[in-house]
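> My structure is below; once you've seen it, I'll send some questions.
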Amino acid sequence: MPVRRGHVAPQNTFLDTIIRKFDSQCRKFVIANARVENCAIIFCNDGFCHMCGYSRAEIMQKPCTCNFLYGPDTKRLAIAQMAQALLGSEERKVEINLYRKDGGHCFHCK
């Protein structure tokens, strides 16, 4: 029986290929389902969990905007730009400050 690795969505060969490719590059990432409300996160890799301090179970089904990582230095303009890009299904480069679960360490994402 195949290992599900945290998927909430039905097994999907395309998603498995993406996960294997990016996981092997030591990247930190989430995958979201654009067909559900709030573009819910359906997968996050171990690197992302380690970076933000949340477990995979705590991250699954949260909005892909990662609003649970916002903090005092998270700029409203960056939040709006990211939301606009997601709504418009367009690629956009946004720099945003996000916070770990413990709130003590801010990390910068591009």
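The values are calculated or read from the model by the stated rules, or taken from the named source; none is laboratory data. This structure is a prediction, so every number in the text was calculated from the model and none was measured. Virtual Cβ from ideal backbone geometry, glycine too; neighbours counted across all protein chains shown. Just the protein is used for accessible areas: all its heavy atoms, side chains included, with ligands, DNA and RNA removed. Shrake-Rupley method; radii C 1.70, N 1.55, O 1.52, S 1.80 Å.
> Output ³J(HN,Hα) for the stretch 75-86: one whole-Hz value per residue in order, computed from phi by the Karplus curve 6.51 cos²θ - 1.76 cosθ + 1.60 with θ = phi - 60°, and x for Gly and Pro.
Karplus-based 3J(HN,Hα) across the stretch 75-86 equals 6, 4, 4, 5, 4, 5, 5, 5, 4, 5, 5, 5 Hz.
> If you don't mind, another one. Rounded to the nearest 0.05, what FRET efficiency do L77 and R20 give with R0 = 25 Å and r taken as the Cβ-Cβ distance? Could you check?
Computed FRET efficiency for L77 and R20 comes out at 0.10.
> Okay, next question. With the crude spin-label approximation of a point 7 Å out along Cα→Cβ, what separation in nm comes out for T13 versus E58?
3.7
> Another question, if that's okay. For F43, enumerate residues with amide H under 5 Å from its amide H, sequence gap 5+ or separate chain, H modeled in the peptide plane.
Result for F43 returns I31.
> Give the accessible area for T17 in Å² (nearest 10); use a 1.4 Å probe, count only protein heavy atoms, and leave out ligands, DNA and RNA.
Around 70 Å² of this residue is reachable by solvent.
> Could you pull out every residue, at least 5 positions away or on a different chain, whose amide H is within less than 5 Å of the one on K101? Hs are placed 1.01 Å off N in the peptide plane, and Pro or chain starts have none.
G53, Y54
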